[in-house]
């Protein structure tokens, strides 16, 4: 497996807990990114955890080693399209996950996640590590 991947929050948390399957797949990937939305979720999780300083340091170290993708007006357009498609299907998903999916679709990346609700989004390439 090689390719360009966008990591969801649950994948990074699994990486932080030492999940061997994540580590193995990351070693085989040609390029890995995270959306700024996921970075925000990680920082929030660290702040509400019992080991805030340790978790913040881990995230900062990880952030320095990976490419972070920000949102722009093109991302917003894709977000609006995805959210409308989900509304029409009657299948809403969490707001942050719509933004994550929008980044993946906009940039043509494979979203790596363990959340099944992403399968509700049309034309989204997904892998579960």
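Coordinate-derived values only; no laboratory data. All values derive from a computational prediction rather than experimental measurement. Here the Cβ positions follow ideal geometry from the backbone for every residue, glycine too, while neighbour counts run over all protein chains shown.
If you go through region 46-80 and keep only what is outside any helix (DSSP H, G or I) and either over 18 Å from the mean Cα position of the chain (by Cα) or farther than 23 Å from residue 103 by Cβ (or both), you end up with 48, 49, 50, 51. Across region 115-129, the number of residues qualifying as in a loop (DSSP other than H, G, I, E, B) and out of contact with any strand residue (DSSP E or B) (no Cβ under 8 Å at 6 or more places or on another chain) comes to 4.
The residues of region 85-111 that are under 26 Å from residue 30 (Cβ atoms) and not in a helix (DSSP H, G or I), listed by number, are 108, 109, 110, 111.
Comparison of 33, 62, 16 shows that the only residue that is in contact with a strand residue (DSSP E or B) (Cβ under 8 Å, 6 or more places away or on another chain) and either more than 18 Å from residue 118 (Cβ to Cβ) or surrounded by 12 or more Cβ atoms within 10 Å (Cβ to Cβ) (or both) is 33. Applying the condition of being over 13 Å from the mean Cα position of the chain (by Cα) and surrounded by fewer than 16 Cβ atoms within 10 Å (Cβ to Cβ) to region 86-115 and asking which residue is farthest from residue 19 (Cα to Cα) yields 88.
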